[in-house]
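Taken together, the values in this text are just the output of simple stated rules run on the coordinates, not laboratory data. Predicted, not measured: the structure shown is a model, and the values here were computed from it. Positions of Cβ are generated from backbone atoms using ideal geometry, with glycine treated the same way; all protein chains shown enter the neighbour counts.
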Amino acid sequence: MTDIGGISSNHLRQFIERIERLEEDKSVVSEDIREVYAEAKANGFDAKIMRQVIKLRKMDSAERSEGEVLLNLYLSALGMAEPVGSEEELNS
């Protein structure tokens with residue numbers, strides 16, 4: 001085992017090689033995901049909406065509810081949605 005400047009070259013090489021393998025795996029998985037979205041699109045599904053659904057499913061219900069309230073608040077402030085209740089309700 002060679003140490004250069006206090007760094008084990010073998011240990012470093014092992015980390016680098018593990019990262020390279022994982023990056024390769026990640027590339028393969030990313031391609032698989034793209035293929036599933038393409039297949040869904042070919043079957044009439046909207047990939048953009050599916051991505052949003054997946055993002056929402058990753059959130060817990062409290063986080064999702066908070067996001068919906070903020071989204072509605074922002075849309076209301078921009079005149080893009082009906083007002084969402086009184087200011088007191090929003091601040092509670």
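Listed values, structure above:
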read-out: ALA77 paired with ASP25, simple spin-label distance in nm, labels 7 Å along Cα-to-beta-carbon; value: 4.2 nm
read-out: Per-pair calculated FRET efficiency, R0 = 41 Å: ILE33 and SER61 via Cβ, rounded to 0.05; value: 0.95
read-out: Angstrom value of the Kirkwood radius, inverse mean 1/r, which spans all Cα pairs in region 1-55; value: 14.2 Å
read-out: Equivalent ellipsoid semi-axes - Cα gyration tensor, the chain, angstrom; value: 46, 24, 10
